[in-house]
Amino acid sequence: MVRRIGKYAAAVATGLMMLSAQASEPIKIGSFVSATGPASFLGDPELKTLEMYVEKINDEGGVLGRDLELVHYDDGGSASSARNFASRLIRSDQVDIIVGGSTTGTTMAAVPLIQQARIPFISMAGAVKITTPVKKWVFKTPQSDRMAAERILRDMKDRGITKIGLISGTGGFGSSGRAQTLEAAEQMGVEVLADVTYGGSDTDMTAQLTDIRNTEGVEAVLNFGFGQGPAIVTRNYADLGMELPFYQSHGVASDSFLDLAGSSAEGLRLPASPLLVPDSLPEGDPQKEVVQDYKAEYEAHYDSKVSTFGAYAYDGLNLAVRAIEKAGSTDPEAVRKALENIEGYVGVTGEFNMSPDDHNGLNVDSFRILEVQNGKWTLIN
Amino acid sequence: MFSEFLQYLFTGTTIGATYALIALGFTLIYNASHVINFAQGEFVMIGGMTTVALTGMGMPMIVAVVLAVILASVLGLALQRLAIAPAKQADVVTLIIITIGASIFIRGIAQVVWGKEYHSMPNFSATQSLEVFGAVLNSQSLWVFGIGAVLVVALVLFFTKTLSGKAILATSMNKEAARLVGIRTQVVLMLAFMVSAFLGSVAGIVVAPITFTSYDIGIILGLKGFVAAAIGGLGSGVGAIVGGLALGIVEAMAAGYISSDYKDAVAFSMILLVLFFMPRGLFGAKVVERV
């Protein structure tokens, strides 16, 4: 008896589900992120952001009257599993758009497949090569290291500095940053007088910094790197008593860097997202509200600190939603066209103005220059 | 020019003194058991990380340091009792592989308990750096030198003046004979693991304010300590100290004068060169094969 009732109930439920499915099939947003593994500091906040905002958008009525459905996989930071998951998203999940790729490695592994399958893809990884040269179906939300280099050099020139010493990590982020800095410096008429590097597991950079200190004519020092290396450089810099203006890259724009570097970070500058200083943005800044809202909502929902990387996912998802709304359907080509023509979307990372030649859409000004004052990030301009 | 050289020298001797302490740990265990303990780097990590974790919980620095050293020593003891002793019939290569397994295990636990982030530790004394002939000497470097020197003197006294020390020496020279005169070689082994864990953890604590510390810091520091021990001649205490200092100084000079890209390459080719011309290391004992 009980079993029979169960059977009926199941049949009715399936029937109902099919009915509602026919009424509005959900829009499928696919994602592969590095939620665990060495890049989990990127993937974890990204996934949390995606989950939270998909839920929020559905609560507010969805997109085009349809719900969003997030299909996500964890690639653990490995490029080959990223490729496999991208393939699964395309072939078996048949998603409408992909927002994913925490690192440049995982992104680039998936790009060929996605180009072939003709599905719009918004990456959350940094390197300039993702969107340069332009790939028809590939977009990205973070600024590139090239922009960071240009932003730093511009701030230096504003202070009348034209001769610098460069110290960079030999890892992927540092060496790409070094190459971009050298190119940008040549274009902008800044001379790089000293150019030294350090390895990822080095524990003391005093020797390299001494090299820079003893180079005649250096007016400022820039460190392009990631992880604990820049914090050690910062400490050594202070220990050596070097007083030249000191710059770091956006790679260390987080509160944990301040914890590591301690008081020796005092006075250094770096380019960063306004997310680090939401309250000191001037009234009337178009980003102020977006940034404050994202921070408040994320921190209320997860009880952990908001990070710049989660913001890349926030912008990716919102760009996708905006494009689908504008296209009026989930037809891949229509969505791609709409993405490419998004103008004036104000996100947490910056104001996006896409075009057929620019699948990133941010400009150098989306980086704000911050200075460490009294152990806190302070907005300079 | 001179100040530049002096700067590299300071940097090199500071990190070299750390290598030397780690190398001494390798030497001690090698002497007692002919095992190369690849978990030596994990003792270094445990020292630094425990201190950071305990001070983070609001404990005074000195208490945290003492507890961290005790924890590491107990861990060294446990490593010998639980992993090495049960396999005492196995040959040396198997025992070495066991220590590699143990190091991966300890690192894994540390990652779960303390997370993957790097942690900083304040300098032991006021952070003011000294200026010597235009070169800067971090105040923490003085602590590294001082504590290193005290430990070396203490070790020398331990081996020459105490019965336990002499028992370790006797065991290292001839295990069978030592057992025949009534030395309990199992206890000697435990003691050797404990003392070398102690040395490693102290190295990890004094160097943490300079290098930061994290769950995986033991890999590279342990490896460098091993290189230092091998350069000096495995089994020689003086060799471990000279090897450590030499390695640190050569590394710093290479980073300063050539390029930091070659820093590790220079360090590891040093071991090749030394072993090529002096197969027993700089201070290795002459071995006479009896036919």
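Points to keep in mind about this one:
- The listed residue being closer than 21 Å to A:His250 by Cα, of a type in the set (A, V, I, L, M, F, W, C) and in the same structural domain as A:Pro271 (by TED's automatic domain parsing), out of A:Ala207, A:Ala184: A:Ala184
- Residue match in the range A:336-359 (condition: surrounded by fewer than 18 Cβ atoms within 10 Å (Cβ to Cβ) and over 22 Å from the mean Cα position of the chain (by Cα)): yes
- Residue selection: A:Ala265 fails the criterion of being surrounded by 16 or more Cβ atoms within 10 Å (Cβ to Cβ), aliphatic (A, V, I, L, M), in contact with a helix residue (DSSP H, G or I) (Cβ under 9 Å, 6 or more places away or on another chain) and more than 26 Å from B:Pro122 (Cα to Cα).
- Among residues of the range B:101-141, those that are assigned to a helix (DSSP H, G or I), more than 10 Å from chain A (Cβ to nearest Cβ) and either surrounded by 13 or more Cβ atoms within 10 Å (Cβ to Cβ) or under 23 Å from the mean Cα position of the chain (by Cα) (or both), counted: 12
- Candidate set: the range A:291-340, residues that are of a type in the set (Asp, Glu) and not in a helix (DSSP H, G or I); chosen: the one modelled with the highest pLDDT: A:Asp331
- Residues within the range B:167-191 that are over 22 Å from the mean Cα position of the chain (by Cα) and touching a residue at least 40 places away in the same chain (Cβ under 8 Å), tallied: 1
- When A:Lys288 is tested against (1) surrounded by fewer than 22 Cβ atoms within 10 Å (Cβ to Cβ); (2) in a helix (DSSP H, G or I); (3) within 14 Å of another protein chain (Cβ to nearest Cβ); (4) among the basic types (Lys, Arg), just one condition goes unmet, and that condition is (3).
- Test for B:Leu95: is it surrounded by fewer than 23 Cβ atoms within 10 Å (Cβ to Cβ) and either in contact with a Lys or Arg (Cβ under 6 Å, 6 or more places away or on another chain) or in contact (Cβ under 8 Å) with a residue 40 or more places away in the chain (or both): yes
- Evaluated against (1) in a helix (DSSP H, G or I); (2) without any contact (Cβ under 8 Å) to a residue 40 or more places away in the chain, B:Met194 falls short on exactly one condition, (2).
- For the criterion of being crowded, with 24+ Cβ neighbours inside 10 Å, in contact (Cβ under 8 Å) with a residue 60 or more places away in the chain and hydrophobic (A, V, I, L, M, F, W, C), B:Ile29 passes.
- Lone unmet requirement of (1) surrounded by fewer than 22 Cβ atoms within 10 Å (Cβ to Cβ); (2) within 14 Å of another protein chain (Cβ to nearest Cβ) for B:Gly48: (1)
So that you can scan it fast, the table gives a plain yes or no per residue for (1) under 27 Å from the mean Cα position of the chain (by Cα); (2) among the charged types (D, E, K, R); (3) over 22 Å from A:Met354 (Cβ atoms); (4) surrounded by fewer than 22 Cβ atoms within 10 Å (Cβ to Cβ):
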| site | (1), (2), (3), (4) |
| --- | --- |
| A:Gly105 | yes, no, yes, yes |
| A:Ile122 | yes, no, no, no |
| A:Gln187 | yes, no, yes, yes |
| A:Asp202 | yes, yes, yes, no |
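- When residues of the range A:268-285 are limited to those that are part of a loop (DSSP other than H, G, I, E, B) and among the small types (Gly, Ala, Ser), the one surrounded by the fewest Cβ atoms within 10 Å (Cβ to Cβ): A:Gly284
- Tally, over the range B:228-271, of residues that are in contact (Cβ under 8 Å) with a residue 24 or more places away in the chain and within 14 Å of chain A (Cβ to nearest Cβ): 12
- Selection of the range B:83-142 for residues being modelled with pLDDT under 85, farther than 30 Å from A:Ser263 by Cα and out of contact with any helix residue (DSSP H, G or I) (no Cβ under 9 Å at 6 or more places or on another chain) yields only B:Gln89.
- Residue match in the range B:20-40 (condition: at negative phi, in contact with an Asp or Glu (Cβ under 9 Å, 6 or more places away or on another chain) and within 14 Å of chain A (Cβ to nearest Cβ)): no
- Scanning the range A:232-247 for residues that are farther than 14 Å from A:Ile161 by Cβ and aliphatic (A, V, I, L, M) turns up A:Ile232, A:Val233, A:Ala238, A:Leu240, A:Met242.
- Residues satisfying the stated conditions in the range B:214-240, i.e. within 10 Å of B:Thr27 (Cα to Cα), out of contact with any Phe, Trp or Tyr (no Cβ under 6 Å at 6 or more places or on another chain) and among the aliphatic types (A, V, I, L, M): B:Ala230, B:Ala240
- Residue within the range B:188-211 that is closer than 25 Å to B:Thr99 by Cα, surrounded by fewer than 23 Cβ atoms within 10 Å (Cβ to Cβ) and within 14 Å of chain A (Cβ to nearest Cβ) present: no
The values are calculated or read from the model by the stated rules, or taken from the named source; none is laboratory data. Just so you know, these numbers come straight off a predicted model, no measurement behind them. When we count neighbours, we look across all protein chains shown, and the Cβ atoms used for this are built from the backbone with ideal geometry, even at glycine.
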